[in-house]
Amino acid sequence: MAEEMTFLPRDEVLSLEECARLVKIFVGLGVSKVRITGGEPLVRKNALWLFEEIGRLPKLKELVLTSNGSQLQKQAGRLKRAGVKRINISLDSLDPVRFKRITRTGDLDQVLAGIQAAKQAGFEGIKLNTVLMRGINDDEAPALVQFAIDQAIDIAFIEEMPIGEVQHSRLSTFCSNDDTLKILQAAYPLIASTHTSGGPARYWQVANSQTKIGFISPHTHNFCEQCNRVRISCKGELFLCLGQDDKIELLPLLRTHPYDDQAIIAAILASMAIKPLGHDFDLSRPQPAVVRFMSHTGG
């Protein structure tokens, strides 16, 4: 998120009913996996209603949540009952002071309690998402993996992406996943895995444990040719690529055609023709690839 956030008026944001309608349309078109993300989706009033509505769709195979973990202590049980299959939880540090500095407002104890709540609720697919930044938290890779092993959950390391304007140079803080893998191979017995969660991560199994380590590497191992994802912002913008500005405005169509989905279906099908070939990330450029932050498009 930006340092100084400006929040949108309510009428410029999709209602929960409009969110549910869009998901139903996409599932009707053959989409089998839906991820609810943010920002932090669970801070929205009545967010559980949306999960319950989507979880009832018979053709949906996977309903997944990406969360910062802050609300899971209260919501994990209801999310499981609503049909959520897997949860990804952002965790960039195990040091409380460093965690607060990175997140600006985060409480590490609250997130750790959320992880425990997700385990107690019976989620089998829990994964930590970690962005390592050189000189900030790159020394914590082994400790974070050990934490995942101790908790019998998975972890994924994501290379920092040039999305949104920040105060530091992303080239100076960039940590290659190749370098992280070498550090972890020196500390743990890792076995290359063919496991896939349907996303861009490449996995290694930690021998004699339940933990898999994923690497999402938009810089060092570009995965654009395999991408089958699109994203919908809270404003109803259908983004065809996380790292490009190509988009279709769905909110006006939803409100102009409240009882007829055909115009929305036509726009979605037409949008596939403009899905970019790739994100073209280049850390040497002074400007970010796109100015909007991850909290706008979704993590």
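Annotations
- Qualifying strands (runs of 3 or more DSSP E) (wholly inside segment 196-243; at least 2 residues being surrounded by fewer than 20 Cβ atoms within 10 Å (Cβ to Cβ) and modelled with pLDDT of 90 or more): 202-206
- So Thr180, is it surrounded by 20 or more Cβ atoms within 10 Å (Cβ to Cβ), modelled with pLDDT of 90 or more and closer than 18 Å to Arg86 by Cβ: no
This table checks each residue for (1) more than 21 Å from Lys212 (Cα to Cα); (2) in contact (Cβ under 8 Å) with a residue 60 or more places away in the chain; (3) surrounded by 21 or more Cβ atoms within 10 Å (Cβ to Cβ); (4) of a type in the set (A, V, I, L, M).
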residue: Gly83; (1), (2), (3), (4): yes, no, no, no
residue: Asn88; (1), (2), (3), (4): no, yes, yes, no
residue: Leu94; (1), (2), (3), (4): no, no, no, yes
residue: Val111; (1), (2), (3), (4): no, no, yes, yes
residue: Ile115; (1), (2), (3), (4): no, no, yes, yes
residue: Leu128; (1), (2), (3), (4): no, no, yes, yes
residue: Ala141; (1), (2), (3), (4): no, no, yes, yes
residue: Ala152; (1), (2), (3), (4): no, no, no, yes
residue: Ala156; (1), (2), (3), (4): no, yes, yes, yes
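- Any hit, segment 101-113, residues being at pLDDT below 95 and either among the basic types (Lys, Arg) or in contact with a Gly (Cβ under 8 Å, 6 or more places away or on another chain) (or both): yes
- Residues in segment 136-146 that are farther than 12 Å from Glu160 by Cβ and not hydrophobic (A, V, I, L, M, F, W, C): Asp139, Glu140, Pro142, Gln146.
- Hits in segment 190-208 (condition: within 16 Å of the chain's Cα centre (by Cα), without any contact (Cβ under 8 Å) to a residue 24 or more places away in the chain and within 23 Å of Val31 (Cβ to Cβ)): Thr196
- Filter result (buried (at least 20 other Cβ atoms within 10 Å of the Cβ) and more than 18 Å from Arg35 (Cβ to Cβ)) within segment 71-81: none
- Residue among Leu50, Leu29, Leu63 that alone is touching a residue at least 24 places away in the same chain (Cβ under 8 Å), closer than 23 Å to Pro258 by Cβ and in contact with a strand residue (DSSP E or B) (Cβ under 8 Å, 6 or more places away or on another chain): Leu50
The values are calculated or read from the model by the stated rules, or taken from the named source; none is laboratory data. Since this is a predicted model, take the numbers as computed values, not measurements. For neighbour counting, all protein chains shown are included, and Cβ atoms are generated from backbone atoms with ideal geometry for every residue, glycine included.
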